[in-house]
Protein chains: 2
Amino acid sequence: MKENYTIKDIAEMAGVSKGTVDRVIHKRGKVSPAALEQVNKVLDKIEYKPNPIAKSLKNNKNYNISILLPDAEADPYWEPCYEAISQVENEFSHFGIKIHKSLFKPSSTKSFKKAADALIDSKPDAILMVPLFYIEAENVAKRCVEADIKIATFNNYIKDHKINFEIGQDLFQSGRVAAKLFNMLLGKSGSIAILHIDEAFQNASHMQEKERGFKDFFNLNKKLDFKIDVHNLKKESKITFDQTIENFLKSIDPIDGIFVTTSKAYLIANHIATYTPDSVIIGYDLVSENIKYLEENKIAFLIHQDPKKQVYLSLTNLIEFFLFDKPLQESVLLPIDIINTENFPQYLN
Amino acid sequence: MKENYTIKDIAEMAGVSKGTVDRVIHKRGKVSPAALEQVNKVLDKIEYKPNPIAKSLKNNKNYNISILLPDAEADPYWEPCYEAISQVENEFSHFGIKIHKSLFKPSSTKSFKKAADALIDSKPDAILMVPLFYIEAENVAKRCVEADIKIATFNNYIKDHKINFEIGQDLFQSGRVAAKLFNMLLGKSGSIAILHIDEAFQNASHMQEKERGFKDFFNLNKKLDFKIDVHNLKKESKITFDQTIENFLKSIDPIDGIFVTTSKAYLIANHIATYTPDSVIIGYDLVSENIKYLEENKIAFLIHQDPKKQVYLSLTNLIEFFLFDKPLQESVLLPIDIINTENFPQYLN
DNA sequence: AATTTATGTGTGTTCGAGCACATTTTTATT
DNA sequence: AATAAAAATGTGCTCGAACACACATAAATT
């Protein structure tokens, strides 16, 4: 019934040779109508699927996958991605998979472009990238399609139907998750500041989506009465980034909640005791500085975007596509993990 | 440098035939000291790992994996496990993997035993089970080892070093997660009831671990002043389970928080408005009844144990072990997911 | 020295898919 | 009817690991 048939089996059943069966399956022509019918009759009956292992062995190709992501020196948020890469390399190197890591400076469009150009020139089988710069990333995607390179993205999205695989989080919804948490912690009313803290605003669309979701939650819940202010904080000239933050806190009235849309919540948590000690902070990402303040109860919750999982799943999806013809999933949304002092360790593996 | 060498390559380098190399690698003897040294010299230099795909093709075996879990008719908690099974079947049937599902009644030790006996008699390559009944499960594990059947567990643990793969959650820690959530919602003091709601107390150890973790959190935080009561609720004779719950609520004073250690939080949420409307409820598991009350804000948080993921990972781990010799991970702890109204949909896939 | 036994060593086949190439059969052309 | 061209079909090899088996060489026995 649900046996695993081989081409040889089919050939016998149809009374032809395996060569003919092969031609039918791959629609290579050079088959008489009579033989075609015989083979198709068998094929209809048994639902043949070629043995993926045999197929892979015959194919016996090495696959090069390049991954283009920001330098973790500039932002430790990307560190876990490196771990995922090593892990995948270890698991799949003996399957003929080679992964090449290429870094760019998250503050420099030029550095992204340069690294991307080099990658495309090296003609890998696939490129996985963080499309931090929209227009440039679209251009990369376009050139990949032309050069027959599979293209995948993670962490950010570009609206581009050429992308073969994309993974990330529903950022709008993650804003709503944060809003709900504030709602539960603060009750029916209060004042909350949304802080977009970023050195160079590369994450503009990221931050805006979160803000939209956050506001959406409070707008749709008519019983709630929250005052929400938005502040863009970037590095001011002549002083440190940290001082910029401190100056900001000095300038505002005490508030009930602070929602930091980037991984920089620790910069606020650092000064909270001095300026607005009762503020509840919710931020993003399990970078070590954030975890430190989480454990000190200066950050209430963190939302985890799991960059490591994003990279792991992207790479394994591509690999299984290359090796075993598993279809690429196109678009994957990861869960929005809520993190407190007690459950963060399990998310760090 | 990091090339993929074949046995043929090694044979050439060592100046012997592939048969000899094969005998060295598999320590089958019948090799002269001189040839042995030659081959080992090459082997040391290149770090040979056999091509897992070729190995798998040569092996060309069908693997039968049996899974023994409770009937979802009795408890919808298990429903997602069935989905995981279907998913794995679809993904791996063409790799020669056959999965056989066997159900038992979670209230009946006898039914577990009977199903387990039948499974062992059918001599599958592996059995994945929910070890709901400790002693019986230990016995199953023992007999699997004797019959050379790989044995894996999920959802519950048995302290048995014979288990080849086990997956679940750190239940003690999940109790602490719940405690922290109450702490954040209720502040520095309050009264909380721990409710063990279960029709037959099969989950005794489960519930106790969660209780221990929960209490541990409050005991270690000396600044907190919480009154914690524990109640075991099981079905009373002559009335429905639902009525039993109602009677309980009538009998107690209003409380600030209710921690339900099982998936039955909905039974409480159902009556909360009548008896103790301001109580905050935290429970376990994304069963549809719980989600309903979560959306109505009658349940504050749910903790997700992801039974689907447990089954999926168990099966894929076993499969990759059989097909590609990937080592079994032995013990896997899943993250303790915190769920509110905004992030539950992403966890249901 | 002749024959048996033990010990090495290499060759050839299998797993299933895929494709090149050789061979046979059919159709078209003189 | 004879030959050429085209179409259809089958055979055989490859991918890499694993192992059976045949063959060679050396050591032990009569």
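Could you work out Rg/(2.2 N^0.38 Å) for region A:171-304, with Rg from alpha carbons only?
That works out to 0.97 for region A:171-304.
Pop out the ³J(HN,Hα) list for region B:311-322 in order, Karplus 6.51 cos²θ - 1.76 cosθ + 1.60 with θ = phi - 60°, rounded to Hz; leave Gly and Pro as x.
3J(HN,Hα) across region B:311-322, in whole Hz: 5, 4, 5, 4, 5, 5, 4, 5, 5, 5, 5, 5.
Among the lysines, which fall within straight-line cross-link reach of B:LYS114, defined as a Cα-Cα distance under 18 Å, with same-chain neighbours fewer than 8 residues apart omitted?
Cross-link targets: B:LYS101, B:LYS105, B:LYS123, B:LYS142.
Beyond 25 Å between alpha-carbons counts as too far, so tell me which of A:LYS55/A:LYS98; A:LYS98/B:LYS150; A:LYS309/B:LYS58; B:LYS110/B:LYS234; A:LYS98/B:LYS18; B:LYS8/B:LYS55 fall in that bin.
Result: A:LYS98/B:LYS150; A:LYS309/B:LYS58; A:LYS98/B:LYS18 exceed 25 Å.
Ignoring ligands, DNA and RNA, how much accessible area is buried between chains B and A, both sides summed, with a 1.4 Å probe, to the nearest 100 Å²?
Answer for the B-A pair: about 4000 Å² buried.
Which lysines, if any, have their Cα less than 21 Å from the Cα of B:LYS238, not counting same-chain residues under 8 positions apart?
Within the straight-line limit of under 21 Å, B:LYS238 reaches these lysines: B:LYS250, B:LYS264.
Using 1/(1 + (r/R0)^6) with R0 = 30 angstrom and r between the beta carbons of B:ASP242 and B:ALA72, what's the FRET efficiency to the nearest 0.05?
The pair B:ASP242/B:ALA72 has a calculated efficiency of 0.90.
If we hang a label 7 Å off Cα along the beta carbon direction at B:HIS161, how far is it from the matching labels on the other copies, in nm, shortest first?
6.0
If we hang a label 7 Å off Cα along the beta carbon direction at A:PRO254, how far is it from the matching labels on the other copies, in nm, shortest first?
2.9
Between rounded, prolate and oblate, where does region B:130-199 land on the alpha carbon gyration tensor, with a ≥ b ≥ c its root eigenvalues, rounded for a/c under 1.5, else prolate if a/b exceeds b/c?
Taking the square roots of the gyration eigenvalues as a ≥ b ≥ c, region B:130-199 is prolate.
Using alpha carbons only, how many angstrom separate the centre of region B:23-90 from the centre of region A:1-71?
Answer, in whole Å: 25.
Using a 1.4 Å probe on the heavy atoms of the protein chains only, list every residue of region A:82-101 that has 20 Å² or more less accessible area in the complete assembly than in its chain alone.
A:GLU91, A:SER93, A:HIS94, A:PHE95, A:LYS98
Would you mind working out the accessible area per residue for region B:7-50, using a 1.4 Å probe, and quoting it in Å²?
About 71 Å² of surface per residue is accessible.
Could you tell me the calculated FRET efficiency between B:LEU186 and B:GLU12, based on Cβ-Cβ distance and R0 = 56 angstrom, to the nearest 0.05?
0.15
Can you give me the long-range amide H partners of B:VAL230? Hydrogens built in the peptide plane at 1.01 Å from N, cutoff under 5 Å, separation of 5 or more residues or another chain.
Residues meeting the criterion, in which the H sits 1.01 Å from N, are B:ILE194.
Per residue, how much accessible area does region A:171-304 have with a 1.4 Å probe, in Å²?
That works out to 43 Å² per residue.
Note down the nm distance, to one decimal, between modelled labels 7 Å out along Cα→Cβ at B:ALA34 and at A:GLU37.
Result for the modelled spin labels: 6.8 nm.
Of A:ILE46, A:ILE268, which has the most accessible area with a 1.4 Å probe, and how do the rest follow in descending order?
Descending order: A:ILE46, A:ILE268.
For chain A, I need the span (max minus min coordinate) of the C-alpha atoms along each principal axis, in Å, sorted largest to smallest.
Principal axes ranked by extent give 86, 46, 33 Å for the Cα atoms.
Identify the residue of chain A whose Cβ lies closest to the rotation axis that maps chain A onto chain B, and give that distance in whole Å.
Nearest Cβ to that rotation axis, in whole Å: A:ILE338, 2.
Mind grabbing the accessible area of A:GLU83 for me, 1.4 Å probe, Å², rounded to tens?
Here the accessible area works out near 90 Å².
Rounded to the nearest 500 deg cm²/dmol, what is the calculated helix-only ellipticity per residue at 222 nm for chain A, with -39500 (n - 2.57) per DSSP H run of length n ≥ 4?
After summing the helix terms and dividing by residue count, I get -14500 deg cm²/dmol.
Taking the full set of protein chains and a 1.4 angstrom probe, give the accessible area of B:ASP121 in square angstrom, rounded to the nearest 10.
120
Pulled fully out, how much extra length does the chain show between A:LYS101 and A:ARG143, if you take 0.36 nm times their separation in residues and subtract their Cα-Cα distance?
13.2 nm
With θ set to phi - 60° and the Karplus curve 6.51 cos²θ - 1.76 cosθ + 1.60, what are the ³J(HN,Hα) couplings of region A:335-344 in order, to the nearest whole Hz, using x for Gly and Pro?
Rounded to whole hertz, the list is x, 9, 7, 9, 10, 10, 4, 8, 10, 5.
When each copy gets a label point 7 Å from Cα toward the beta-carbon at B:GLU79, what are the spacings between them in nm, shortest first?
Reported distances to equivalent positions: 4.1 nm.
Given Cα pairs under 8 Å that are at least 6 residues apart, what percent is the relative contact order of region A:164-249?
38
What's the FRET efficiency of B:ILE135 with B:ASP278 using the Cβ-Cβ distance as r and R₀ = 41 Å, to the nearest 0.05?
Computed FRET efficiency for B:ILE135 and B:ASP278 comes out at 0.40.
Over region B:171-304, what is the relative contact order in percent, taking alpha-carbon pairs closer than 8 angstrom and at least six residues apart?
26
Any idea of A:TYR312's accessible area? Nearest 10 Å², probe 1.4 Å.
A:TYR312 exposes around 60 Å² with every protein chain in place.
Hey, what do the phi angles of region B:192-198 turn into as Karplus ³J(HN,Hα) couplings, whole Hz, using 6.51/-1.76/1.60 and θ = phi - 60°, x for Gly and Pro?
For region B:192-198, the Karplus-derived couplings read 10, 9, 8, 10, 9, 9, 7 Hz, x marking Gly and Pro.
For B:HIS94, B:HIS304, write out the residues from largest to smallest accessible area, computed with a 1.4 angstrom probe and no ligands counted.
Result, largest first: B:HIS94, B:HIS304.
So for chain B, averaging the separation of alpha carbon pairs under 8 Å that are six or more residues apart and normalising by length, what relative contact order in percent results?
Contact order relative to length: 15 percent.
Which of rounded, prolate or oblate describes region B:7-50 when judged by the alpha-carbon gyration tensor and an a/c cut-off of 1.5?
rounded
Please list, in order, the residues from region B:146-178 whose amide nitrogen is less than 18 Å from a point placed 7 Å along the Cα→Cβ vector of B:GLU330.
B:150-154, B:157-170
What aspartates and glutamates sit close enough to B:LYS41 to cross-link, taking a C-alpha to C-alpha distance under 14 Å and skipping anything fewer than 8 places away on the same chain?
Within the straight-line cut-off, B:LYS41 pairs with B:ASP9, B:GLU12.
With all protein chains present and a 1.4 Å probe, how do A:GLU295, A:GLU211 order by accessible area, largest first?
Final ranking, largest accessible area leading: A:GLU295, A:GLU211.
The values are calculated or read from the model by the stated rules, or taken from the named source; none is laboratory data. Source: prediction; values computed, not measured. We place every Cβ from the backbone using ideal geometry, glycine too, and count neighbours over all the protein chains shown. The area values use the complete protein model at the heavy-atom level, side chains included, leaving out ligands, DNA and RNA. Shrake-Rupley method; radii C 1.70, N 1.55, O 1.52, S 1.80 Å.
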